[in-house]
Each structure stands twice: as C-alpha cells, then as structure tokens.
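Below: one structure, written as structure tokens.
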Amino acid sequence: MTRIRLLPPQLVGQIAAGEVVERPASVVKELVENSLDAGARRVDVQVEAGGVGLIRVRDDGIGIAREHLPLALARHATSKIATAEDLLQVRTLGFRGEALASIAAVSRLELISRTAAEPCGWRLALAGGDEIPEPVPVAHPRGTTVTVADLFHSVPARRKFLRSERTEFSHIQHFLERLALSRFDVGFSLRHNQREAWKLPPAPGEDQWSQRVAVVWGKEFVEQALLIEWNHGPLRLWGWLGLPAVARRQGDRQWWYVNGRPVRDKLLLHALRHGYRDVLGGDRQPAALLYLELDPALVDVNAHPAKLEVRFREPRQVRDFIAQSVYRSLGQVRPGPSPPPKP
Ligand code: ADP
Ligand code: MG
C-alpha cells in the first residue's frame with residue numbers, strides 16, 4: 001500500500017526554494033533587487049568560489065528595523081504589497097516575500113541591517129531552515145548586508161547541477177550587469193575571490209549612461225547604436241538600437257526592461273525583430289537595449305516565480321507600438337546622415 005505523508009517543514013522549504021533559487025546567480029539577483037527596492041545608491045557584491053562558497057551583498061538603503069528583522073526572513077512576508085489591489089500596481093522589483101526565506105532554506109544566511117533611526121545595526125543568522133532567532137546588536141552603517149554561505153550544501157540534488165566556479169560566476173556577472181543597466185543612478189561593484197571584477201560608479205547624466213552601456217556591452221555597440229525615444233499614449237519606449245553593423249548571430253544582446261524590471265519576454269523580442277525586418281537578414285539578430293515604460297496597471301508582473309515574464313493587458317497595442325517605433329527609428333538612418341531623435 002502506498003502511504004501519503006505530510007513532508008517535514010524543512011523539506012517543504014527546500015522544495016519551495018527551488019523555484020526562486022536555481023543557482024548562485026539567482027541569489028545575487030534577489031539580494032540586489034532588494035537593495036534597489038530599499039532605495040540604495042550603492043550596491044557592493046562580493047562572491048567567493050562562484051557564489052557557492054559565499055555571496056555578500058551590501059547596500060546603503062533604508063535598512064530594516066530591529067522588530068521587523070525576523071519577519072524579513074519569514075515566507076510570504078513583505079513590506080512591498082499588502083492587498084490584492086496592490087498586486088495590480090506593483091512598482092517594486094520584489095513583492096512575493098519569498099526570496100530571503102527561500103535562500104535561508106538552502107544556505108547559511110546572515111542578515112545585518114540598520115535604519116537611520118537606530119544607533120547600531122542588528123544581526124540575525126540562521127542555517128538551513130532553523131527557527132528564526134532573536135537579533136543581536138552589531139556595528140553597521142545605515143543599510144543592509146546579507147551574507148549567504150554554503151549555498152545548497154544541504155540540497156545535494158541541486159548541488160549536482162551546478163557548473164564550474166567560472167560558469168557560475170559568469171552567470172552572476174550577467175545578472176548584475178542586467179540590473180546595473182536598469183538603474184544608472186546607482187553605483188555597483190563586483191568582487192570575485194577578493195579581486196575586483198568591475199566597478200560602475202553612479203551615472204546620473206545621459207552622457208554617463210552611454211559610458212555605462214559601453215562598459216557592459218563594449219564601446220563598439222554604443223558607437224553604432226541610435227539612442228531613441230518614442231511616446232504613444234500610456235507607452236514610452238527608449239534605449240539603444242544597434243545598427244545592422246552590430247547585429248549578431250545569437251540573440252544574446254536583446255535586453256528588455258519593463259518599468260525598470262529586467263524581463264525576457266517573447267512578445268517584446270518578436271516586436272523588436274519585426275521592427276528590424278527591412279534591415280536585417282534572416283540569420284542575424286538585432287542588438288538592442290530597450291526600456292518600456294507604462295502604467296503598472298497595464299502589465300502583470302506576477303506571471304512567473306522569477307518574474308522574468310510579463311503579461312500585457314493590451315498585448316497588440318504594445319507589440320505594434322514597439323515594432324513601429326523601432327521601424328521608424330531605423331528608417332531615419334537608412335537614407336543617410338540624418339541625426340537620431342533625441343529623448
Ligand atoms: P520581497 O522582496 O518580495 O518583499 P524578500 O524575501 O526578498 O521579499 O524580502 C522580504 C522583506 O525584507 C522585504 O519586503 C523588505 O521589507 C525586507 N528587505 C529585504 N532586503 C532588504 C534590504 N536590502 N534593505 C531593506 N529591506 C530589505
Ligand atoms: Mg525581494
């Protein structure tokens with residue numbers, strides 16, 4: 001006879017964590033998103049052994065008050081939404097209240113935070129789904145530091161699927177670069193095994209934006225791209241469209257942001273491709289870095305646990321707007337040296 005059993009809570013936590021924490025890079029993504037949601041101006045990321053040894057994310061954001069620290073680690077606890085209506089208008093990167101709990105379920109996690117109102121920071125540490133302990137006082141500037149050690153050490157099933165240190169680190173770098181291009185006003189740094197991998201100072205002005213894009217995507221792209229901006233009713237599209245000369249075989253240089261959130265969405269990719277239909281041959285993919293902004297009520301970001309996919313309320317309107325904007329932008333360069341539109 002087969003028996004149906006209730007699983008122990010630790011195992012339930014590990015299973016749920018699998019949705020959010022696929023690899024070290026997912027941890028970095030979640031932690032850095034939290035820093036950005038907390039209004040950080042600076043985010044420093046430190047990684048050891050491809051993230052499996054250690055991941056530390058430090059920010060200068062608003063911090064978490066002592067009495068809220070244990071809740072930050074509880075599953076389905078968030079400060080970002082409160083009602084079902086809020087879910088229709090999400091303006092933050094996080095809202096599911098799952099990341100810290102999930103990460104804690106599969107690692108040793110230390111959370112230190114200090115708000116402007118407190119004279120010192122408070123520290124909480126737990127390992128592999130322990131009970132949440134009482135915070136203890138420690139020295140810390142305003143902001144938050146989360147340290148994740150021994151990722152997946154209690155989850156052999158997941159550990160087995162991790163790649164080499166180098167590969168895991170390159171995923172981390174990729175995620176961080178994606179986030180760094182979502183917030184030009186924030187400074188980022190990344191260290192791996194005690195060595196600086198890169199550093200991006202805050203880039204408040206438009207000229208500096210292109211510099212940051214050049215650091216991440218190379219100078220060649222920026223020099224051969226149009227900076228565009230189009231508005232249509234509630235929709236705004238801006239960003240860099242690579243000229244056909246920088247098109248590639250792979251579609252790895254099509255980065256999209258919807259209301260500042262990095263996404264990978266089929267509708268957007270198709271619309272982009274359609275906009276390039278007259279200037280690119282069949283096997284070449286456009287290179288483009290694009291930002292779509294619209295009323296949060298017109299887009300559902302709760303379509304995917306990793307929040308990479310979105311659903312538009314008016315998909316056709318969005319697709320047509322993008323394809324047309326891209327097509328027109330490229331049309332302006334086809335006949336000759338007419339300047340690209342300025343935002
Ligand atoms: P979510 O981001 O979906 O709300 P998380 O599990 O990532 O869920 O975080 C839980 C809560 O902890 C957040 O809602 C926020 O209040 C707090 N928090 C997490 N990280 C930070 C941070 N770096 N700075 C300030 N608050 C944070
Ligand atoms: Mg979060």
Take the Cα of ASP130, step 7 Å along the line toward its Cβ, and report every residue of region 80-112 whose backbone nitrogen sits under 14 Å from that point. 104-112
When the Cα centres of region 263-296 and region 1-44 are compared, how far apart do they sit, in Å? 31 Å
Grab the alpha carbons of the chain, take their convex hull, and tell me the volume per residue in Å³. 171 Å³
Residue exposure sequence - ARG58, ARG195 - by fewest surrounding Cβ within 10 Å: ARG195, ARG58
Using a basic spin-label model with each label point 7 Å from the Cα along Cα→Cβ, how many nm lie between ARG264 and ASN231? 3.3 nm
Those aspartates and glutamates that a straight Cα-Cα span of less than 17 Å connects to LYS160, excepting residues fewer than 8 apart in one chain: GLU19, GLU22, ASP150, GLU168
In this model, which of LYS80/LYS219; LYS199/LYS266; LYS80/LYS199; LYS199/LYS219 are farther than 26 Å apart at the alpha-carbon? LYS80/LYS219; LYS199/LYS266; LYS80/LYS199
I'd like the distance separating the alpha-carbon centroids of region 97-115 and region 186-210, in whole Å. 25 Å
Could you list LEU6, LEU269, LEU330 in order of exposure, starting from the residue whose Cβ has the fewest other Cβ atoms within 10 Å? LEU6, LEU269, LEU330
Once Lys and Arg get +1 and Asp and Glu get -1 on their Cβ, which of VAL215, GLY61, PRO119 lies farthest toward the positive end of the dipole of the chain? VAL215
Charged-residue dipole, Cβ positions (Lys, Arg, Asp, Glu), the chain about Cα centre, Debye nearest 20: 820 debye
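All of the numbers you see were taken from the coordinates with simple rules; none came from a lab. Given the structure is predicted, the values throughout are model-derived calculations rather than measurements. Note that each Cβ is placed from the backbone with ideal geometry, even for glycine, and that neighbours are counted across all protein chains shown.
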